[in-house]
1. Residue by residue through the range 95-104, note down the ones that are of a type outside the set (Lys, Arg) and either surrounded by 24 or more Cβ atoms within 10 Å (Cβ to Cβ) or within 20 Å of Gln19 (Cα to Cα) (or both).
2. State the number of residues belonging to the range 71-120 that are more than 29 Å from Leu185 (Cα to Cα), assigned to a helix (DSSP H, G or I) and not aliphatic (A, V, I, L, M).
3. Inside the range 158-170, can you point out the residues that are surrounded by 14 or more Cβ atoms within 10 Å (Cβ to Cβ) and over 13 Å from Ala147 (Cα atoms)?
4. State all residues of the range 126-136 that are open to solvent by less than 60 Å² (accessible area, probe 1.4 Å) and within 16 Å of Gly89 (Cβ to Cβ); if no residue qualifies, say none.
5. Can you tell me which condition Leu13 does not meet? The list is (1) farther than 18 Å from Lys101 by Cα; (2) modelled with pLDDT under 95; (3) surrounded by fewer than 23 Cβ atoms within 10 Å (Cβ to Cβ); (4) not hydroxyl-bearing (Ser, Thr, Tyr), and all the others hold.
6. Check the range 128-139 and report whether any residue there is assigned to a helix (DSSP H, G or I), under 22 Å from Lys41 (Cβ atoms) and either among the small types (Gly, Ala, Ser) or touching a residue at least 12 places away in the same chain (Cβ under 8 Å) (or both).
7. For Thr2, state whether it is open to solvent by 20 Å² or more (accessible area, probe 1.4 Å), more than 12 Å from the chain's Cα centre (by Cα) and modelled with pLDDT under 95.
8. Pick from the range 178-210 the residues that are outside any strand (DSSP E or B) and touching a residue at least 60 places away in the same chain (Cβ under 8 Å): which of them is surrounded by the fewest Cβ atoms within 10 Å (Cβ to Cβ)?
Amino acid sequence: MTAPSAPIHQDELKTLVGQAALQYVRPGEIVGVGTGSTVNKFIDALASMKGEIKGAVSSSVASTERLLALGIPVFDANAVERLGVYIDGADEIDGQGYMVKGGGAALTREKIVAALAQQFVCIADASKLVAHLGAFPLPVEVIPMAAGQITRRFADLGGHAQLRLKDGQPLVTDNGQHILDVHGLKITDPLAFESQVNQWPGVVTVGVFAHQKAQVCLLGTPEGVRTLTY
């Protein structure tokens, strides 16, 4: 009798989807690269074809450093008119390709790079697939002087916003701003919600990616990589 195979560890799932994303990278192009532990697996895989691409546009200082360390040129977003593909992870993704992002504090730059791309490919493990967005605390990058009033606005929507800390002090993003993590939301209309919150004075970026949604999700499952298209 064959012994049951051992379950695939989450880290192995991240490696699988990172490698699977290479099929969406076209030779001769500049690739949009996101931020986070799953994207790090993609960056490591991308090194295998660095001679075939022009380079990357990165969404964070951390990803830029990793790309450069592997010999992959990094372009400023202002120097690029368009990208064929942007590859990034998600904290949550629903059945329409709408996402919550920002657990790694890079949501603003991620949204900027995503807006340059013709296609957004999300790479994630199966635990990130949800019926409705909001169980994961929603990251919102804010100008510090507006944090109090934005916290009160979320309270009016039934959410509880907390300032994200690092080493006991407010976390400072690559853009020099702070992040509120909002608990207790159920986001049933991501497009409308994103548009609404983005209008609040002092909000730099809300971590709902609906206007910059994914067209493809490579989902790591115990059975292998599952491709979802939207």
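The values are calculated or read from the model by the stated rules, or taken from the named source; none is laboratory data. Keep in mind that what you see is a predicted model, and the values were worked out from it rather than measured. As a convention, Cβ positions derive from the backbone with ideal geometry for all residues, glycine included, and neighbour counts pool all protein chains shown. We work out accessible area using only protein heavy atoms, side chains counted, and drop any ligands, DNA or RNA first. Shrake-Rupley method; radii C 1.70, N 1.55, O 1.52, S 1.80 Å.
1. Narrowing the range 95-104 to residues of a type outside the set (Lys, Arg): 95-100, 102-104.
Listed by number, the residues that qualify are Tyr98, Met99, Val100, Gly102.
2. So the answer is 1.
3. Gly159
4. As a first pass, look at the range 126-136 and keep what is open to solvent by less than 60 Å² (accessible area, probe 1.4 Å): 126, 128, 130, 133-134.
Within the range 126-136, Ala126, Lys128, Val130, Leu133 meet the criteria.
5. Of the numbered conditions (1) farther than 18 Å from Lys101 by Cα; (2) modelled with pLDDT under 95; (3) surrounded by fewer than 23 Cβ atoms within 10 Å (Cβ to Cβ); (4) not hydroxyl-bearing (Ser, Thr, Tyr), the odd one out for Leu13 is (3).
6. Our first condition is that a residue be assigned to a helix (DSSP H, G or I); within the range 128-139, this holds for 128.
Next, from what is left, pick out any that are under 22 Å from Lys41 (Cβ atoms): 128.
Next, only the ones that are either among the small types (Gly, Ala, Ser) or touching a residue at least 12 places away in the same chain (Cβ under 8 Å) (or both) stay: 128.
Yes; the residues of the range 128-139 include at least one that is assigned to a helix (DSSP H, G or I), under 22 Å from Lys41 (Cβ atoms) and either among the small types (Gly, Ala, Ser) or touching a residue at least 12 places away in the same chain (Cβ under 8 Å) (or both).
7. On the way: open to solvent by 20 Å² or more (accessible area, probe 1.4 Å): yes; more than 12 Å from the chain's Cα centre (by Cα): yes; modelled with pLDDT under 95: yes.
Yes, satisfied.
8. The initial filter retains those residues of the range 178-210 that are outside any strand (DSSP E or B), namely 184-186, 188-202, 207, 210.
Retained after the next criterion (residues that are touching a residue at least 60 places away in the same chain (Cβ under 8 Å)): 190-191, 202, 207, 210.
On the way: Pro190: 22, Leu191: 14, Gly202: 17, Gly207: 30, Ala210: 21.
Within the range 178-210, the match that is surrounded by the fewest Cβ atoms within 10 Å (Cβ to Cβ) is Leu191.
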